[in-house]
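A quick write-up on the structure given underneath.
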Amino acid sequence: MKAIIDIPEAKAISIMDVLQSISYLKVIPLTDEKFLLLQEVKESVKEMNEIKNKKRTARNARDFFKMFICYLFTTNQINLA
């Protein structure tokens with residue numbers, strides 16, 4: 001079984017020490033960024049399964065990329081200079 005435990009930063013070291021001391025547990029700390037990525041991938045797989053099971057309709061790829069490029073330009077995440 002896999003579990004994700006959200007631990008307050010102030011308590012993280014002591015809790016991690018306790019968890020790592022248990023021989024049958026494998027403890028892998030996640031950064032906030034990795035956790036967010038994991039959640040987004042999980043949501044994407046769920047959406048793909050809904051599309052596959054006809055519970056949701058897929059977006060046109062061209063429309064998606066147009067929207068994505070516009071987002072990058074409006075948030076200044078892309079610079080052509």
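The values are calculated or read from the model by the stated rules, or taken from the named source; none is laboratory data. Not measured: the values here are computed from a predicted model. Positions of Cβ are backbone-derived with ideal geometry, glycine not excepted, and every protein chain shown enters the neighbour counts.
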**OP:** Could you please give the count of residues in the range 5-45 that are more than 30 Å from residue 59 (Cβ to Cβ) and among the charged types (D, E, K, R)?
**Re:** 5
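Whether any residue in the range 33-44 is on the phi < 0 side of the Ramachandran plot, under 22 Å from the mean Cα position of the chain (by Cα) and either of a type in the set (Phe, Trp, Tyr) or not in a helix (DSSP H, G or I) (or both) is what I want to check.
Checked the range 33-44: at least one residue is on the phi < 0 side of the Ramachandran plot, under 22 Å from the mean Cα position of the chain (by Cα) and either of a type in the set (Phe, Trp, Tyr) or not in a helix (DSSP H, G or I) (or both).
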Subject >> Test: residue 30 is outside any helix (DSSP H, G or I) and at pLDDT 90 or above >> reply: no
Subject >> Failed item, numbered, when residue 54 is tested on (1) on the phi > 0 side of the Ramachandran plot; (2) under 23 Å from the mean Cα position of the chain (by Cα) >> reply: (2)
Subject >> Search result, residues across the range 47-64 that are exposed (fewer than 11 other Cβ atoms within 10 Å of the Cβ), modelled with pLDDT of 90 or more and assigned to a helix (DSSP H, G or I) >> reply: 52, 62
